[in-house]
1. At 0.36 nm per residue, minus the direct Cα-Cα distance, what do V165 and L103 gain on full extension? Give it in nm, one decimal, please.
2. I'd like to compare 135-143, 88-96: which one has the highest average count of other Cβ atoms within 10 Å, and what's the full order after that?
3. Mind checking the full-extension length gain between L40 and D128? Use 0.36 nm per residue of separation minus the Cα-Cα distance, one decimal, nm.
4. Take every Cα pair under 8 Å in segment 23-146 that's 6+ residues apart, average their separations, divide by the length, and report that relative contact order as a whole percent.
5. Can you give the extra length, in nm with one decimal, that the chain gains between Q140 and N29 once fully stretched, where that is 0.36 nm per residue apart less the Cα-Cα distance?
6. V135: net charge of surrounding residues, Cβ under 10 Å, Lys/Arg +1, Asp/Glu -1, itself excluded?
Amino acid sequence: MRLNSASRLIFGLLLLGSTFSANANLITNGTFDTDLSGWLTSPTGTGVPTTWIDGTAHLGRPGQEGISNLAQIVDIVPGTQVLEFVFDYEWQVNPPSTPDSFLAGLLLLDGFGAYNTVWFEFEQSSSDAAFGTTVQFSSQISLAGAPLLGAIENAAVLFRLTETVNDPASAGTRIQIDNVSLTATSVPAPATLTILGLGLAGLGYSRRSKG
């Protein structure tokens, strides 16, 4: 089937528009192949920094009280509609007598330039966990109405393990993290929508002129 010039124009514009809905992973070094580069690992209180072990990130230390964090700052392009958040995790060592808590989520920059907790997509207690089993978590996050300012570094992915005191010290947990991705789906830019509209109008005019 041969396309006339107007049809070719519309076909090309549709292809152009489709590039704006392509997926793009916003996470750097989500597989932790050689180290924790690109990630922030500072603890809170008496917690311990996240460590790198054999191609994975490890939050916490058995017998250690406090909060361990793993975070990465990302730039979410304005117009992004949905984020798909995926990671593998595993509870390790021993279930503690007093439960520990693991959560993961997304922080967004508000209108005052501060990070606010908008979504904690995942939260689990050690009392509900299957120790020694790797599990994949996947969730889609809608950004409808989100306060994205369009500035560089307007969001952050955060993993956090909160550990309590346990006796003996050998009791306690750590969390192994791997294969982290944050995939964005964007809408066409306003300029593209305008061009596409003009193309459709041109096609309508072409049909009328031949009628």
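1. Values: separation 62, 0.36 × 62 = 22.32 nm, distance 1.85 nm.
Roughly 20.5 nm would be gained on extension.
2. Top of the packing list down: 88-96, 135-143.
3. On the way: separation 88, 0.36 × 88 = 31.68 nm, distance 2.74 nm.
Between L40 and D128, full extension yields an extra 28.9 nm.
4. Reported relative contact order: 22 percent.
5. Answer, rounded to one decimal: 37.9 nm.
6. It works out to a net charge of -2.
Bear in mind these aren't lab numbers, they're just calculated from the coordinates by the rules spelled out. For clarity, every value in this text was computed on a predicted model and none was experimentally measured. Glycine gets a Cβ as well: all are built from the backbone with ideal geometry, and neighbour counts include every protein chain shown.
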